[in-house]
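Asker: Got a structure for you, questions after.
The values are calculated or read from the model by the stated rules, or taken from the named source; none is laboratory data. Quantities reported herein were computed from a predicted structural model and do not represent experimental measurements. No Cβ is skipped: glycine too gets one built from the backbone with ideal geometry, and neighbour counts run over all protein chains shown.
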Amino acid sequence: MAEKIISQHIKLEPKFFSPPSGAYNKNTLLAAQKLGYRTILWSIDTIDWKKGSTKDVIIKRVLERENLRGSIVLMHPKKETVKALAYLIDSLREMEIEVGRVSDVLY
């Protein structure tokens, strides 16, 4: 059902599966593979869902990392995340890191 909804909105078929909370086991990986998905996780967690995750805290959690090139940053549609996003994108571009899609990193 999620695949159908995503496809309708972005006009592309999803190719990746990111398990909720990053929790998976052999069966999860096998099921995703059988459905034609590549299972992925993130390398930076903004923990933006947690109480106290302000714009500044989210920015720090991303930018304090040493090597950001090729990172997958986990973010959720939260108010403070939205506030942090423009600053993060500008900061990454200043470091000559372009923001892209997961497929840009994995293929």
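Asker: When both residues are 6+ apart or on different chains and their Cβ atoms are under 7 Å apart, which pairs have a first residue that lies in region 1-22 and is among the aliphatic types (A, V, I, L, M), and a second that is surrounded by 10 or more Cβ atoms within 10 Å (Cβ to Cβ) and in a loop (DSSP other than H, G, I, E, B)?
Answerer: As it stands, the answer is Ile6/Pro14, since those pairs meet every condition given.
Asker: Hey, can you tell me all the residues within region 55-104 that are more than 23 Å from Ser21 (Cβ to Cβ), more than 15 Å from the chain's Cα centre (by Cα) and among the β-branched types (Val, Ile, Thr)?
Answerer: Ile97
Asker: Right, another one. Just name the residue that is surrounded by the fewest Cβ atoms within 10 Å (Cβ to Cβ) out of those in region 43-53 that are modelled with pLDDT of 95 or more and part of a loop (DSSP other than H, G, I, E, B).
Answerer: This residue is Lys51.
Asker: Which residues, taken from region 23-64, are aliphatic (A, V, I, L, M), out of contact with any strand residue (DSSP E or B) (no Cβ under 6 Å at 6 or more places or on another chain) and closer than 27 Å to Glu13 by Cα?
Answerer: Within region 23-64, Ala23, Leu30, Ala31, Leu35, Leu41 qualify.
Asker: If you don't mind, there's one more thing I want to ask. Which of the residues spanning region 28-42 are aliphatic (A, V, I, L, M), in a loop (DSSP other than H, G, I, E, B) and surrounded by 15 or more Cβ atoms within 10 Å (Cβ to Cβ)?
Answerer: Ile40
Asker: List the pairs whose first member sits in region 30-57 and is on the phi > 0 side of the Ramachandran plot, whose second member is polar (S, T, N, Q), and whose Cβ atoms are under 7 Å apart, counting only residues at least 6 apart or on separate chains?
Answerer: The qualifying pairs are Ile47/Ser53.
Asker: Still on this structure: Going through Thr46, Thr39 one at a time, which residue ends up being farther than 23 Å from Val82 by Cβ, of a type in the set (Val, Ile, Thr) and under 18 Å from the mean Cα position of the chain (by Cα)?
Answerer: Exactly one residue qualifies, and that residue is Thr39.
Asker: Note down all Cβ pairs under 6 Å where the first residue falls in region 89-101 and is in a loop (DSSP other than H, G, I, E, B), the second is of a type in the set (Val, Ile, Thr), and they're at least six residues apart or on different chains.
Answerer: Final answer for the pair search is Val99/Ile89.
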